[in-house]
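Inspection log for the structure reproduced underneath, given as structure tokens.
The values are calculated or read from the model by the stated rules, or taken from the named source; none is laboratory data. All of these numbers come straight from a predicted model, not from anything done at the bench. Every residue, glycine as well, gets a Cβ built from its backbone with ideal geometry; the counts of neighbours run over all protein chains shown. Side chains included, ligands, DNA and RNA excluded: accessible areas come from the protein's heavy atoms. Shrake-Rupley method; radii C 1.70, N 1.55, O 1.52, S 1.80 Å.
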Amino acid sequence: MSLYAIHMLNDRSGSPRVLAGWLREAVAQGANPVLYTSQGPGLLSGIHGVEHRTLPYRLGRNKAETLLRYFHAQAWLFFHLLFRLKSGDAVYCNTLLPMGASLAGALRRVRVIYHLHEPMVRPKALHALLHAVARSTASDALYVSDFLRRALSMPKARCQTVPNRLDPMFLADLQHIRQSHPRNQNPTAVLLS
């Protein structure tokens, strides 16, 4: 069995941070996940034990160019996975965006897992398309809040609310900061985005 994890844009935002933690945990439990994401120095780069595959996706100079690149990447992802997926595999779509991966997974009759972090994709027409594809292809849906679970309902999927947790590496860094600063010094503030 293989786990194919897909995240469109490897940046430093919240959803790749959550996925990076899930991937590290999967590797620690003995899995060998395959990660499809864009090139870039984001939070998904260099995770040990994960096979990295580069998606042909990046942001364009304007919204129209970005949208064209997005649909090109979806077609590439669909055909790339369609011929790789085998019985027992799973496709893990981090956000609504990996539509091509979920369609390939549904056609190959493998488990399609959506991890949903945000309530809306812009433009609205794209959001409607992505939500419709997810509703028809998802085997499982993981939501970071009950609000998202209501906003992006998927009646055919097994649904679960799994609030985001802090990455163990981040917590270790906080512990190091706490131990290295005596109590009589000014406190350190940590801002989470």
### Task
Can you give me the ranges of the helices (runs of 4 or more DSSP H) entirely in the range 1-120 with at least 3 residues that are closer than 23 Å to Val144 by Cβ?
14-28, 99-107
### Query
Mind checking which pairs have a first residue in the range 151-163 that is among the small types (Gly, Ala, Ser) and a second that is open to solvent by less than 40 Å² (accessible area, probe 1.4 Å), Cβ under 7 Å, 6 or more apart or different chains?
Ala157/Ala138; Ala157/Ser139; Ala157/Asp140; Ala157/Ala141
### Query
How many residues does the range 17-33 hold that are open to solvent by less than 10 Å² (accessible area, probe 1.4 Å) and either more than 22 Å from His80 (Cα to Cα) or of a type in the set (Val, Ile, Thr) (or both)?
1
### Query
Restricting the search to the range 52-68, which residues are farther than 24 Å from Tyr4 by Cα and charged (D, E, K, R)?
Arg61, Lys63, Glu65
### Among residues of the range 30-44, those that are at pLDDT 95 or above and among the polar types (S, T, N, Q), counted
2
#### Entry: Test for Ala90: is it touching a residue at least 60 places away in the same chain (Cβ under 8 Å) and either among the small types (Gly, Ala, Ser) or surrounded by fewer than 19 Cβ atoms within 10 Å (Cβ to Cβ) (or both)
yes
### Task
Restricting attention to the range 132-149, report how many residues are open to solvent by less than 10 Å² (accessible area, probe 1.4 Å), at pLDDT below 95 and among the small types (Gly, Ala, Ser).
0
### Message
Tell me whether the range 69-81 contains one or more residues that are over 29 Å from Met1 (Cβ atoms), among the hydrophobic types (A, V, I, L, M, F, W, C) and modelled with pLDDT of 95 or more.
### Response
yes
### Message
Among the listed residues Leu103, Leu129, identify the single one that is open to solvent by 70 Å² or more (accessible area, probe 1.4 Å), modelled with pLDDT of 85 or more and either among the β-branched types (Val, Ile, Thr) or over 24 Å from Arg17 (Cβ atoms) (or both).
### Response
Leu129
